[in-house]
Amino acid sequence: FSFMKTRLIYFFFIPASIFSSCKAQNKTRSTECIKLNNIATDTLQKYPLNGEKGLLNAIALFRQALICDSTNSLTYLNLALAYDYKRDYTQELKTINKALQLTLNTPSVLLEKGMVFEKLNQKDSASKVYKVARTKFSDSLRLHPNDRNIISGLLTVLALTEGKNSALKELDRLIAANPGLKSELGYEYFFYRNFDKKAYMYHLSGDLKR
């Protein structure tokens, strides 16, 4: 049995007033880029029901969105996920590196990079990236001890590198230090008790999305 966390796919929303101070040309371009990402995202969410053709179409649309706006880190992350479904790990790694440049090496993206290195059988590189991600998550948690996303990121690094028991042990430690978290982290207990590294990394469940 494996239970999969939902892996994020990013939509963008366009508030009516957001472009009020922009020139008309920039407004049109920005709106177009966002729409391209959202169409691609909707297509990707239908995979595998829409087959390989749907996946390739999503990749093409994400690439168009990045031609339109090459500074959007969320579109790079969506494209990386599409490459992951395609098992094109070389392209996924290149795309994640672009996202890392734009997000200043955010630990959640480093975590994805570590998994790609593992899939490419580059174990030493994966270990180094996981170590940096773990340090960044730990540092962030000291500043934001109640942030569930940071806690989840740290636990996932531990589950991937040391096994689910290590993640559960850390979860117990965090709750002992901050009992108020217990009511908020029931999902994490369920998830990490049933954590399956291979299933998590390769989307081996009825739902491809982590």
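The values are calculated or read from the model by the stated rules, or taken from the named source; none is laboratory data. Note that this is a predicted model, so its numbers are computed, not measured. When we count neighbours, we look across all protein chains shown, and the Cβ atoms used for this are built from the backbone with ideal geometry, even at glycine. We work out accessible area using only protein heavy atoms, side chains counted, and drop any ligands, DNA or RNA first. Shrake-Rupley method; radii C 1.70, N 1.55, O 1.52, S 1.80 Å.
For segment 171-188, a residue qualifies if it is surrounded by 15 or more Cβ atoms within 10 Å (Cβ to Cβ) and under 30 Å from TYR85 (Cβ atoms), and the qualifying residues are LEU171, LEU185, GLU188. Of all residues in segment 119-146, those being of a type in the set (D, E, K, R), loosely packed, with under 13 Cβ neighbours inside 10 Å and over 18 Å from LEU93 (Cβ atoms) number 2.
Residues that are open to solvent by less than 60 Å² (accessible area, probe 1.4 Å) and modelled with pLDDT under 95 within segment 79-105 comprise just one, THR103.
Counting only helices (runs of 4 or more DSSP H) wholly contained in segment 118-210, the ones carrying 2 or more residues that are out of contact with any strand residue (DSSP E or B) (no Cβ under 6 Å at 6 or more places or on another chain) and in contact (Cβ under 8 Å) with a residue 40 or more places away in the chain occupy 148-161, 186-193, 197-202. Per the listing ASN97, ASN121, the residue uniquely at positive phi and out of contact with any Ser or Thr (no Cβ under 7 Å at 6 or more places or on another chain) is ASN121.
Of the residues making up segment 189-202, those that are among the hydroxyl-bearing types (Ser, Thr, Tyr) and open to solvent by 30 Å² or more (accessible area, probe 1.4 Å) number 2.
The residues of segment 104-151 that are farther than 18 Å from MET201 by Cα and aliphatic (A, V, I, L, M), listed by number, are LEU104, VAL132, LEU141, LEU143, ILE150, ILE151. Taken over segment 62-75, the criterion of being part of a helix (DSSP H, G or I) and more than 11 Å from the chain's Cα centre (by Cα) is satisfied by PHE62, ARG63, GLN64, ALA65, LEU66, ILE67, CYS68, SER73, THR75.
You will find that of ASN57, ASN105, ASN78, the residue that is in a helix (DSSP H, G or I), out of contact with any strand residue (DSSP E or B) (no Cβ under 7 Å at 6 or more places or on another chain), within 26 Å of SER152 (Cβ to Cβ) and not acidic (Asp, Glu) is ASN78 and no other.
Between LYS128, LYS123, LYS98, LYS119, the distinction of being of a type in the set (Lys, Arg) and closer than 30 Å to ALA177 by Cβ belongs to LYS128 only. One residue is enough: does segment 108-125 have a residue meeting the conditions modelled with pLDDT under 95 and of a type outside the set (Gly, Ala, Ser)? No: segment 108-125 contains no residue that is modelled with pLDDT under 95 and of a type outside the set (Gly, Ala, Ser). Against the condition within 21 Å of GLU162 (Cβ to Cβ), touching a Phe, Trp or Tyr at 6+ places or on another chain (Cβ under 9 Å), modelled with pLDDT of 95 or more and acidic (Asp, Glu), how does ASP139 come out, does it pass? Here the answer is no, as ASP139 does not meet what is asked.
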